[in-house]
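*Asks:* Next up is a structure, given as structure tokens.
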Amino acid sequence: MTVLDAVSPASSPSEIAAQARRGELESNRRMVRLWLGIVMLAIFALVIVGGATRLTESGLSITEWKPIHGVIPPLSVEEWQEEFDLYRQIPEYQEINRGMSLDEFKTIFWWEWAHRLLARAVGVLFAVPLVFFWATGRIEPRLRWPLVGLFFIGGLQGFVGWWMVASGLSERVDVSQYRLAVHLTLACIIFASIMWVSRGLAPHSPDAPPTERSHLAAGGLVLFIVFQIYLGALVAGLNAGFAFNTWPLIDGAFIPAGLFVMDPAWLNFFENVKMVQFTHRMTAYAIWFAVLVHMIAALRHGAGSTHANRAVVLFFLVTMQALIGIITLVMVVPLGWALLHQAFAVVVLGFAVAHWRAFYGSYAPTGRLAEAG
């Protein structure tokens with residue numbers, strides 16, 4: 001039924017105008033949500049390809065940062081040889097891949113090229129519709145500058161990606177785990193921020209929160225999950241998943257020896273393979289327990305509400321992610337399971353953000369649209 005169909009013959013001109021503005025608001029919000037959903041899918045794909053690039057050790061195959069010209073891959077034998085010669089100058093080739101053939105180089109090159117191309121595509125997918133929706137008045141004023149801010153954070157993410165790659169081009173045979181963790185975490189923060197805006201534009205149930213602090217608990221879970229993703233990136237950066245491939249014990253104990261072998265002690269949390277994996281595991285347990293408590297509280301005080309139902313789904317997703325992580329570990333990080341683990345982490349984060357955002361409801365209309373809200 002259209003807005004005009006809903007207007008009765010007795011409606012006043014002001015009521016008809018309000019109905020029209022309400023329909024315009026809803027239509028604009030649907031279009032913006034569709035756009036943001038496509039961007040999130042592209043970021044999701046980017047995270048997966050980035051994980052594959054890391055796991056196939058392809059991330060250092062392109063040794064120069066060419067944001068514009070780099071869209072075009074090598075098109076001739078001479079250009080391929082030029083790229084290969086540049087790669088042969090870095091420590092990864094000289095210490096690990098010496099003797100690699102040109103065809104073998106092409107395999108790792110395509111992973112990194114695809115990752116960079118997809119990153120550029122995300123920028124275009126975000127920027128072009130943003131300009132169009134802004135110019136046509138479809139983006140509400142309150143969201144314009146936050147979305148512009150997200151665009152610039154996306155640009156910063158591109159720089160962070162090169163900063164990460166540069167760490168492995170001179171003195172290391174891989175990228176810095178510190179920089180890798182920043183790169184992945186920033187990507188997830190961008191994804192979560194877009195999810196927050198998108199859900200704010202969607203209709204929400206009027207159900208009351210189970211408790212007065214449910215929104216704080218949901219927000220805390222989101223921060224906890226982002227922190228766990230950061231820890232997972234440290235695990236990936238140190239290849240810590242390839243060590244101590246037993247569960248629930250690590251090196252024969254639940255709390256193994258050798259967690260603080262480095263000095264100063266804080267260094268162990270970032271560079272000691274055993275401690276990094278141990279921290280990632282313990283944080284996973286803590287998140288699972290926190291989500292369980294959150295679910296129980298929601299069911300106890302708000303059974304049947306959409307908030308309680310989402311808490312149940314979140315617990316299911318976190319449990320699935322934990323099981324995927326365990327399988328990935330004990331199977332010694334096969335590519336498929338490792339990518340599933342990374343991808344599902346983004347799914348868990350996205351749903352956790354949507355669950356948190358639901359406690360605040362939709363954005364209230366502003367300006368002339370407030371009359372139709």
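*Asks:* Relative to the longest principal axis of the C-alpha atoms of the chain, give the angle of the C-alpha long axis of helix 273-302, reported between 0 and 90° and rounded to the nearest 10°.
*Replies:* So the inclination is approximately 20 degrees.
*Asks:* Over the range 273-373, what is the relative contact order in whole percent, taking alpha-carbon pairs under 8 Å and six or more residues apart? Write down the numbers at each step before the final one.
*Replies:* On the way: 50 pairs, mean separation 21.5, N = 101.
Reported as a whole number, the value is 21 percent.
*Asks:* Sticking with this one: Rounded to the nearest 20 debye, what is the charge dipole size of the chain about its Cα centre when +1 sits on each Lys and Arg Cβ and -1 on each Asp and Glu Cβ?
*Replies:* Numbers: 25 positive and 25 negative charges, 270 e Å.
Roughly 1300 debye, rounded to the nearest 20.
*Asks:* Still on this structure, I have one more. Relative contact order, percent, of the range 111-205 when contacts are C-alpha pairs under 8 Å separated by at least 6 residues?
*Replies:* 21
*Asks:* Further, regarding this structure: For the chain, modelled as a GNM with alpha-carbon contacts under 10 angstrom, which of LEU75, LEU238, LEU267 fluctuates the most?
*Replies:* Answer for the Gaussian network model of the chain: LEU75.
*Asks:* Where in the range 296-373 are there trypsin sites (Lys or Arg not before Pro) that are in a DSSP coil and have at most 13 other Cβ atoms within 10 angstrom of their Cβ? Mind dumping the intermediate values first?
*Replies:* Details: sites: ARG300, ARG310, ARG357, ARG368; in loops: none.
Here no trypsin sites (Lys or Arg not before Pro) fit, given the DSSP loop and packing criteria.
*Asks:* When the accessible area of the chain is computed with all protein chains present and a 1.4 Å probe, what percentage of it is carbon and sulfur? Working shown, then result.
*Replies:* Numbers: 12680 of 18480 Å².
Taking all protein chains in place, the chain shows 69 percent carbon and sulfur surface.
*Asks:* Using a cut-off of 14 Å between beta-carbons, work out the net charge of the residues near GLY161 (Lys and Arg +1, Asp and Glu -1, GLY161 not included).
*Replies:* +3
*Asks:* Send over a whole-number figure in Å² for the accessible area per residue of the chain, probe 1.4 Å.
*Replies:* Heavy-atom SASA per residue in the chain reads 50 Å².
*Asks:* Across the range 189-203, in residue order, what do the Karplus-derived ³J(HN,Hα) couplings come to in whole Hz, using 6.51 cos²θ - 1.76 cosθ + 1.60 with θ = phi - 60° and x for Gly and Pro?
*Replies:* 5, 4, 4, 5, 5, 5, 4, 4, 5, 4, 5, x, 8, 9, x
*Asks:* Mind sorting out which of (i) 1.84; (ii) 0.99; (iii) 1.16 is the real Cα Rg over 2.2 N^0.38 Å computed from the coordinates?
*Replies:* (iii)
*Asks:* Then there is this: Give me the angle, in degrees from 0 to 90, between the Cα long axis of helix 214-237 and the longest principal axis of the Cα atoms of the chain, rounded to the nearest 10.
*Replies:* 20
*Asks:* Follow-up. Per the helix-only calculation at 222 nm, which mean residue ellipticity applies to the chain, given -39500 (n - 2.57) for every DSSP H run of n ≥ 4 and division by its residues, nearest 500 deg cm²/dmol? All intermediate terms of the calculation are to be shown ahead of the outcome.
*Replies:* Working: 12 runs with 254 residues, N = 373.
Helices in the chain give a 222 nm mean residue ellipticity of -23500 deg cm²/dmol.
*Asks:* Just to confirm the number: angle between the C-alpha axis of helix 306-330 and the first principal axis of the chain, 0 to 90 degrees, nearest 10?
*Replies:* Between the helix axis and the principal axis of the chain, the angle is about 10 degrees.
*Asks:* Run the numbers on the range 199-290 and let me know its relative contact order in percent, using alpha-carbon pairs under 8 Å that are six or more apart.
*Replies:* Relative contact order for the range 199-290 comes out at 30 percent.
*Asks:* Next question, about the same structure. Got a sec to turn the phi values of the range 100-110 into Karplus ³J(HN,Hα) couplings, 6.51 cos²θ - 1.76 cosθ + 1.60 with θ = phi - 60°, whole Hz, x for Gly and Pro?
*Replies:* Residue by residue, the range 100-110 yields 4, 7, 5, 5, 5, 4, 4, 4, 6, 4, 5 Hz.
*Asks:* Which one of ILE90, LEU34, MET282 has its Cα pushed farthest toward the positive end of the charge dipole of the chain, where Lys and Arg give +1 and Asp and Glu give -1 at the Cβ?
*Replies:* My answer, from the dipole projection, is LEU34.
*Asks:* Ok, one more. Cβ under 13 Å from ALA354's Cβ, ALA354 left aside: what net charge do those residues give with Lys, Arg +1 and Asp, Glu -1? Can you show the working numbers first?
*Replies:* Details: positive: ARG33, ARG199, ARG310, ARG357; negative: none.
Cβ neighbours under 13 Å give a net charge of +4.
*Asks:* How do 244-257, 281-294 rank on mean C-beta neighbours within 10 Å, highest first?
*Replies:* In decreasing order of mean packing, 244-257, 281-294 become 281-294, 244-257.
*Asks:* Whole-Hz Karplus ³J(HN,Hα) for the range 68-85, in order, using 6.51 cos²θ - 1.76 cosθ + 1.60 and θ = phi - 60°, x for Gly and Pro?
*Replies:* 9, 5, x, 5, 8, x, x, 10, 9, 4, 5, 5, 4, 5, 5, 5, 5, 5
The values are calculated or read from the model by the stated rules, or taken from the named source; none is laboratory data. Here the structure is a predicted model, which is why all the values come from computation and not from measurement. Cβ sites come from the backbone with ideal geometry, for glycine too, and all protein chains shown count toward neighbours. What goes into the accessible areas is simple: the full protein's heavy atoms, side chains included, and nothing from ligands, DNA or RNA. Shrake-Rupley method; radii C 1.70, N 1.55, O 1.52, S 1.80 Å.
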